1. Checking the conditions here, which among Arg90, Arg5 is within 30 Å of Glu103 (Cβ to Cβ), in a loop (DSSP other than H, G, I, E, B) and of a type in the set (Lys, Arg)?
2. Going by the structure shown, is Lys9 basic (Lys, Arg) and open to solvent by 20 Å² or more (accessible area, probe 1.4 Å)?
3. Would you be able to tell me the number of residues in the range 20-47 that are open to solvent by 60 Å² or more (accessible area, probe 1.4 Å), over 18 Å from Thr58 (Cβ atoms) and not in a loop (DSSP other than H, G, I, E, B)?
4. Which ones in the range 59-75 are open to solvent by 40 Å² or more (accessible area, probe 1.4 Å) and part of a strand (DSSP E or B)?
5. State which residue pairs qualify: first residue aliphatic (A, V, I, L, M) and inside the range 5-25, second residue surrounded by fewer than 19 Cβ atoms within 10 Å (Cβ to Cβ) in any location, beta carbons under 6 Å apart, and separation of 6 or more residues or different chains.
6. Can you confirm whether Glu43 is within 21 Å of Pro2 (Cα to Cα) and either of a type in the set (Asp, Glu) or at pLDDT 95 or above (or both)?
7. Quick one: which of Glu89, Glu103, Glu56 is open to solvent by 40 Å² or more (accessible area, probe 1.4 Å), charged (D, E, K, R), modelled with pLDDT under 95 and closer than 25 Å to Thr25 by Cα?
8. Among the residues of the range 44-86, count how many are under 26 Å from Glu103 (Cα atoms) and not β-branched (Val, Ile, Thr).
Amino acid sequence: EPCLRGSYKEVWGPQACSECPGNSTSAAGQTSITSCQCIAGFEAASPGGVCVPCREGTFKSAASTAQCSVCRLGSTAAFVGAVACQDCERGKWTSGAGVSTCECGTLRV
């Protein structure tokens, strides 16, 4: 019987399916731990390694093997494990891409 989503079984037979490691998932019917992918907001600390939250200023919107992406200039992820970046409020800005806070902007005349 195939394994359910979020689990895998490396050997054929009556053995129980193994759960994907914490903060990861897989499609149904998987046969290898390498099929487990970090969930949204998490990335692998090393190839095939444990999934850790995205750092402040970065995000990941879906389960995949990809690393977290840096927020674009003018947006931020102010907390770890973000699944999206938020645009800075009007009148505020970021000093660069991947920054975790929006600062008060000043208008130069």
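The values are calculated or read from the model by the stated rules, or taken from the named source; none is laboratory data. From a predicted model like this one, the values you see are computed outputs, not experimental measurements. Note: ideal-geometry Cβ built from the backbone for every residue, glycine included; neighbour counts use all protein chains shown. Accessible surface areas use protein heavy atoms only, side chains included; no ligands, DNA or RNA. Shrake-Rupley method; radii C 1.70, N 1.55, O 1.52, S 1.80 Å.
1. After ruling out the rest, the residue left standing is Arg90.
2. yes
3. The total comes to 2.
4. Once the filter is applied, which keeps residues that are open to solvent by 40 Å² or more (accessible area, probe 1.4 Å) and part of a strand (DSSP E or B), the range 59-75 yields Phe59, Ser69, Val70.
5. none
6. No.
7. None of the other options fit; the residue is Glu56.
8. Number satisfying all stated conditions: 23.
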